[in-house]
């Protein structure tokens, strides 16, 4: 029997309604196992590691990412796969962060949850949990089919660092705008094998150093120099700049001068598109030609969740901003596609 470790952090999947406030609050894994008797019928030996203090995913933070990564690392040899139950609001951040922290994975780390608590009649929790476990235990020729950090939600398995949560009102909560679905769960599980990561032969390495010194500059028509300056002058090593279309900005002199000064002061400026589908292509239009020339970096087709966690990981790994700038534009865990 395959050995699967479930790591229960909290989230909607294990919530119950507080009669006094009429709001959902985190409960514990006993509630989940009681409502999914099918778990006992699966040909899997399941062990549960439950957080002593169950959290709502809105309270997720890098310290908990480190804790999760260490749990996987400490149990890596004993288990065939890992399923992390997690709230959906920050699930894409956790999946992206863990993808960078767990280098060379040759076993699945699948993060899942639900939009409705598992005790609700119309819940999506049962199917999400059961199928996540089935995929986590899937092997071929003795090797795990999934060798990366993924999100499973509403019959689809996605690469974790390619995911965004785009809908809070439907069971189809997640999408992978710039990378194909890895597994589709229908009557049968359809594995898109050409899109799966293969880490065979690589060394598994745990990384726990995180530097959260990241700021965000979201551009809009009419943004003022004072707002720009306050962000660019902030005490951070890197700034994610949300731009238009394929990486375009205004070419007003004051704007370009402020960016140039920030880069001269050793700030990393990472250009990411406000569009969910597509990629930054610096230099494609004249409006982004100046950015490329002054040293603004391209996020290509990174999601915001992957961009911010990749910067945190790289800044924790390298003291030099030149090293961070070099590696942020290079695919490390299948998180981006570079189109020449």
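The values are calculated or read from the model by the stated rules, or taken from the named source; none is laboratory data. Just so it is clear, the structure is predicted and the values come from calculations on it, not from any experiment. Every residue, glycine among them, receives a Cβ derived from its backbone with ideal geometry; neighbour counts consider all protein chains shown.
Inspection of segment 165-172 finds no residue satisfying the criterion of being touching a helix residue (DSSP H, G or I) at 6+ places or on another chain (Cβ under 9 Å), exposed (fewer than 14 other Cβ atoms within 10 Å of the Cβ) and farther than 18 Å from residue 131 by Cα. When restricted to residues that are assigned to a loop (DSSP other than H, G, I, E, B) and within 30 Å of residue 258 (Cβ to Cβ), segment 178-232 contains 11.
Residue count for segment 61-84 satisfying the condition of being touching a residue at least 60 places away in the same chain (Cβ under 8 Å) and over 14 Å from residue 51 (Cα atoms): 9. Annotation for segment 227-246: at least one member residue is buried (at least 16 other Cβ atoms within 10 Å of the Cβ), without any contact (Cβ under 8 Å) to a residue 24 or more places away in the chain and more than 30 Å from residue 77 (Cα to Cα).
Tell me yes or no: at least one residue of segment 248-257 is under 25 Å from residue 314 (Cα atoms) and modelled with pLDDT under 95. Scanning segment 248-257, I find no residue that is under 25 Å from residue 314 (Cα atoms) and modelled with pLDDT under 95, so the answer is no.
Per-residue answers, yes or no, for (1) assigned by TED's automatic domain parsing to the domain that holds residue 318; (2) more than 21 Å from the chain's Cα centre (by Cα); (3) at pLDDT below 95:
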| position | (1), (2), (3) |
| --- | --- |
| 42 | no, yes, yes |
| 53 | no, yes, yes |
| 56 | no, no, yes |
| 63 | no, no, no |
| 68 | no, no, no |
| 90 | no, no, no |
| 94 | no, no, no |
| 107 | no, no, no |
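Taken as a whole, the structure leaves residue 167 outside the set of residues that are free of Cβ contacts under 8 Å to residues at least 24 places away in the same chain, closer than 27 Å to residue 78 by Cα and over 15 Å from the mean Cα position of the chain (by Cα).
When 323, 266 are checked against the criterion of being within 27 Å of residue 61 (Cβ to Cβ), outside any helix (DSSP H, G or I) and outside the structural domain of residue 148 (by TED's automatic domain parsing), a single residue qualifies: 266.
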